[in-house]
Amino acid sequence: NAVGAPDYLSGLNPEQRAAVETTEGPVLVLAGAGTGKTRVLTTRIAHILATGRAYPSQILAVTFTNKAAREMKTRIGMLVGGQVEGMPWLGTFHSIGVKILRRHAELVGLKPNFTILDTDDQIRLIKQLIRAENLDDKRWPARTFANMLDGWKNKGLSPKDIPEGDARAFAGKGRDLYAAYQARLMTLNACDFGDLLMHPIALFRANPDVLADYHRRFRYILVDEYQDTNVAQYLWLRLLAQRPSRGQGDEAAISPLEGEMGGSPEGGAPGATLGNVRAEAPPSALPGISPSRGEIDASVSAPIPAEGRKGDRPSAGPAAPVQASEQSERSAVSENRPQQINICCVGDDDQSIYGWRGAEVDNILRFDKDFPGATVIKLERNYRSTGHILGAASHLIAHNEDRLGKTLFTDAPDPEDPKVEVNAGWDSEEEARAIGEAIEDLQRREDHDLNDMAILVRASFQMRSFEDRFVTMGLNYRVIGGPRFYERMEIRDALAYFRCVCQPADDLAFERIVNTPKRGLGDATIRLLHDYARERQIPIIAAAGEMTETEELKPKPRNTLRALIANFRRWSELLPTMKHTELAEQILEESGYTEMWQNDRSAEAPGRLENLKELIRSMEEYESLPSFLEHVALVMDAEQNAETDAVSIMTLHSAKGLEFETVFLPGWEEGLFPHQRSLDEGGRTGLEEERRLAYVGITRGKRRVKIWFVSNRRIHGLWQSTIPSRFLDELPEAHVEVMEANTSYGGYGAGGFGGYGSSRWDGGNAFKESAYSTPGWKRAQAAQAGFADGASGQGGRRGGDGWSGGRTREISYDA
Ligand code: ATP
Ligand code: MG
């Protein structure tokens, strides 16, 4: 067996290696950016497989994005010699949640072919419910309620658990609306994103036998970006990770599961090697590693305190089964020794950037309490960035008070290494132009691939100027997590047709297309359908089918509807046999949808037809229409042409975990970054989260980081004068170079940008006295811009859809 170091271990430093080889027991790796946390997780999985500790199907591994999951899969394959056929349980919380839910949908009252609502559907549904409660949906906007819903679900709260204040929100209807919403989803055989975690949690609590099945299944649990888990994710994980012993059944518990074996890994059957753990365990005296029982002896593990488990269930799930499960857990714990929990979480408190969406950095801080006897490993060497980049990032993040504080080091900066650049521009167009030139320059001079470069923005509206510019230049780019292909109107319509075919209870989809193209099925008919469906508690398509047999509809709409329903039936029947791409094409043809655009004289019509073609093309990779629809529902970070060489444009939020040779950070201006809304709503905590975001941004760079700020920015059509971000003041002089403003843009010197000329920006030594680090200068700038107080930022900037702090899912919190 693997006593000498296998290849995949040889490149690791001792701490990383310990994190990989301490396979048994709870392990927490708490370490700064670029220290190899993700690499440790990947290698750990490879190690588990290569030493035969488990089959791929016995490993649960959670990443933050689908992209990260794919990358991890590829890397594992490389490490263990390409023999990993599938890691079925490697994915995001959401994608794993949906998989679990599909298997046990009935247990929560759904059918296995349930639909996952997108934001649009959700809003439409909430609007209906608000109106049904006789509330004015202008005064009580659906989006606000959707936000509240998100908040509750992130905290794992079902209607009965929400705080009283929230229950009274929305004219006292908060709780009722939530309950009605959930009930409606059930009738629609649908769930929203939050439910992908909420349902499994309720399911596990109410069905101990199902949970026990997963306990047996998942021998190893691994979680990346643990600092950004929210309460629901945390509860879900704890249910899966904290288990009572199955008594004598330990051996059975680790045998491969029926029908799910991903091929037998080298080194013998899983379960046969438990005894090797002791021999293979690393010496416990490695620096930075706290000694722990879990690390030294796999067979001895800490008991789980009863109150720890109780904390699991403040919410969802019917009361009686919960009681029962608690009972059985209790007795199991008291009578048998608890089963070993092989969970490994990695994270960095300084990179916690989803607090605004319910992430709780506390989860990482109390790991030790949740999993007593956990081995905590620190990694301190940064392998990603140059000394300048690391120096700048570390200095910046040190301004935060709420942090554990970690050591991070790398080799001393090479004299050749570029410092972190700070550039000034006039407006976002110039910023885009200059960055575009810089990209071409790097391509030419440094032989950089476009793939090695990324532009990381604070808010998604910033992307447009880059897209426009790059299109003009003919520069390849891809937007990651931005407004996506699948969100275009024609694509949504087409998808709605497909959804009706795959899932005839999908009312929302049906409503979207019942009169698209125009068929003369007006609001009155739809209302009749609605009433009929509600009365009988059946889906609208079914109602339509029934109503066409009665006299309730006028002959014309009745015949139209009958023909449409007949079409849907026929398409549904073709679903199992016909090639899905052909069926999809046929649906669009026969429904008249394609024709509608062919007859459309508008300028966009040709583009829409092309998009529809592209949609069919993009289906080819999938086995079936349902699996394609699931993909669409889940994939939030749609990459465009993943293979071609292209600059990536994305929000800072979606850049987490990634790395690039060169990183451009535009828009470092007060009000934009730090974002005004974070400051307004979060106070110091909000500011600190913004600073962590800046830390994340800088630490994505391996060799070059180029920061930009401009003095005028147009936001939602309004020009705003801006002040350089306070974060610029927080960068250390030693690692930063302030670039001279390019004189060819000199025309603006007389405007708000006065004094910005070379005299203040001449070379590196200007930094100390640099204009923007002087509060007086800021005040002067602000006064010029019409603000009384320079520090108060830009009042007019709050809200708006384009902000990445909003509820849009463009941030890759995808599933
Ligand atoms: P983040 O906090 O940003 O997610 P991370 O801690 O997950 O960072 P990784 O992405 O795993 O860090 O690693 C950063 C880079 O350092 C990667 O390119 C990785 O391959 C490299 N790296 C990690 N460990 C080593 C090592 N022991 N030797 C050489 N390179 C390493
Ligand atoms: Mg990582």
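Derivation of every value follows stated rules applied to the coordinates shown; laboratory data play no part. Keep in mind that what you see is a predicted model, and the values were worked out from it rather than measured. Cβ coordinates were reconstructed from backbone atoms using ideal geometry, including for glycine residues, and neighbour counts include every protein chain displayed.
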Using Cα-only point scatterers and the Debye equation, what is log10 of I(q)/I(0) for the stretch 485-634 at each q in 0.11, 0.15, 0.21 Å⁻¹, rounded to two decimals?
-0.42, -0.78, -1.35
Just to confirm a number: summing +1 for Lys and Arg and -1 for Asp and Glu over residues other than PRO163 whose beta-carbon lies under 12 angstrom from that of PRO163, what do you get?
+1
Theoretical gain in end-to-end length, VAL376 to ASN147 [0.36 nm per residue, Cα-Cα removed]
78.9 nm
As I understand it, the dipole of the stretch 405-479 uses +1 on the Cβ of Lys and Arg and -1 on the Cβ of Asp and Glu, about the Cα centre. Which of MET473, SER460, LEU408 lies farthest toward its positive end?
SER460
Let's test the formula: R0 of 60 Å, r as the Cβ-Cβ distance of ARG444 and THR407. What FRET efficiency results, to the nearest 0.05?
0.95
Pair-distance profile P(r), taking every C-alpha pair of the stretch 353-505, with 10 angstrom steps and integer %
8, 21, 26, 24, 15, 6, 0
Hydrodynamic radius (Kirkwood) for the stretch 676-732, which is based on Cα pairs only, to one decimal in Å:
13.1 Å
At a Förster radius of 35 Å, what calculated FRET efficiency corresponds to the Cβ-Cβ distance of ASP7 and GLU416, to the nearest 0.05?
0.65
Which order, highest average first, do 404-414, 622-632 follow once you tally other Cβ atoms within 10 Å for each residue and take the mean per peptide?
622-632, 404-414
Quick one: length gained pulling ALA734 to ASP523 fully straight, 0.36 nm per residue minus the C-alpha distance?
69.2 nm
Between THR92 and residues 5 or more places away or on another chain, the pairs with built amide H atoms under 5 Å apart involve THR63
Neighbourhood net charge (9 Å Cβ-Cβ; Lys/Arg +1, Asp/Glu -1) for THR43
+4
So what's the gap between the Cα centers of the stretch 516-575 and the stretch 487-514, to the nearest angstrom?
15 Å
May I ask you to sort SER394, SER654 by Cβ crowding, counting other Cβ atoms within 10 Å and putting the fewest first?
SER394, SER654
How large is the charge dipole for the stretch 115-188, taken about the Cα centre, if only the Cβ atoms of Lys, Arg (+1) and Asp, Glu (-1) carry charge, to the nearest 20 debye?
120 debye
How are the alpha carbon pair distances in the stretch 9-118 distributed across 10 Å bins from zero to the largest one, expressed in percent?
13, 40, 30, 14, 4, 0
What number comes out for the charge environment of LYS579, summing +1 per Lys or Arg and -1 per Asp or Glu over other residues with Cβ under 11 Å away?
-4
